[in-house]
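What follows is a short report on a single structure.
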Amino acid sequence: MADRLLTVAEAGEMLGTGERFVRRLIAERRIRYVKLGHPVRIPESAVAEYVDAHTVEPVRRIRARYGKAA
């Protein structure tokens, strides 16, 4: 089954951003897209790949003991 092709507005909505940010990603070729003549569409999987690639995992640190006199 083929990916659903999203409009720039739909991709922005999925990312929680505006159309301008998605258009900048396209212009900088930081996200996959399909050019259908003048209109541009973004495969749904490309949005998921972008999110996965830019997800930062938390670092678990052991906290120092606060308030302990030396």
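Data table
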item	result
Solvent-accessible area of His54 with every protein chain in place, 1.4 Å probe, in Å² to the nearest 10	100
Percentage of interatomic Cα-Cα distances in the chain larger than 16 Å	54
Carbon plus sulfur fraction of accessible area for the stretch 1-56, probe 1.4 Å, in percent	53
Helix-derived mean residue ellipticity, 222 nm - over the chain, DSSP H n ≥ 4, -39500 (n - 2.57), to 500	-11000 deg cm²/dmol
Mean accessible surface per residue for the chain, computed with a 1.4 Å probe while every protein chain stays in place, in Å²	86
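The values are calculated or read from the model by the stated rules, or taken from the named source; none is laboratory data. A quick note: this is a predicted structure, and the numbers were derived from the prediction, not measured. Protein only, heavy atoms only, side chains kept; ligands, DNA and RNA dropped before computing areas. Shrake-Rupley method; radii C 1.70, N 1.55, O 1.52, S 1.80 Å.
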